[in-house]
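One structure is given here, and the rest of the page talks about it.
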Amino acid sequence: MAFYLLFVCGFLGGVLGGMGMGGGTLLIPLLTLLCGIPQTAAQGINLLSFLPMSLFALSLHAKNGLLKTEGILWVIAPALLLSAGASFAAAYLPAELLRKAFGWFLVVLALARLYPWVKNIGKKGRNGGK
C-alpha cells in the first residue's frame, strides 16, 4: 500500500512540476501528511525529484518555443545563492519550525492567489460582466 501512496504523491507532484507550477508545493505536504515522512526528508526528496522533472519540462518548453532567456542570469544567480544558503540553514533548523514555515508559506500563497479573484467579484455586476 505504501508504494501506491508514494506513487500517487509522485504523480501529483510531477503533474504540477511539469506545468512549471512547483510540484513541491503539493509533494512536500503529501509526503509529510499522508506518508509520515519527516519534513527535512520530504524536502530532500522534492529536491531530488525536481532535477529530472525540470530537465524534462525545460526540454519540452524549449522545443515548443516557450522559453525567454532575456535577463535569465538575473534570476539564476540570486536563486542559486539563496537556495544554497537556505539549504544549509534548513539542515540545522528544527523540523517543526520548517513545517510551520512551509505551512504559512502555503497560506500566504493561497491568499495571494485568491486576492485578485475576490477583488473582482463585485466588479462583474449581476449579469456576470456582460
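The values are calculated or read from the model by the stated rules, or taken from the named source; none is laboratory data. All figures in this text were calculated on a predicted structure; none of them were measured in a lab. Virtual Cβ from ideal backbone geometry, glycine too; neighbours counted across all protein chains shown.
Here are a few things to note about the model shown:
- Residue within region 4-14 that is in contact (Cβ under 8 Å) with a residue 60 or more places away in the chain, within 23 Å of VAL107 (Cβ to Cβ), of a type outside the set (Ser, Thr, Tyr) and in contact with a Gly (Cβ under 9 Å, 6 or more places away or on another chain) present: no
- One residue stands out among those in region 21-57 that are hydroxyl-bearing (Ser, Thr, Tyr) and under 20 Å from LEU93 (Cα atoms): the one that is nearest to the chain's Cα centre (by Cα), which is THR25.
- Checklist (1) over 22 Å from PHE11 (Cα atoms); (2) among the aliphatic types (A, V, I, L, M); (3) touching a residue at least 24 places away in the same chain (Cβ under 8 Å) applied to MET53, failing item: (1)
- Residues that are assigned to a helix (DSSP H, G or I) and touching a helix residue (DSSP H, G or I) at 6+ places or on another chain (Cβ under 7 Å) within region 57-99 comprise ALA57, ALA90, ALA95, LEU98, ARG99, listed in sequence order.
- Failed item, numbered, when MET21 is tested on (1) at negative phi; (2) modelled with pLDDT of 85 or more; (3) not in a helix (DSSP H, G or I): (2)
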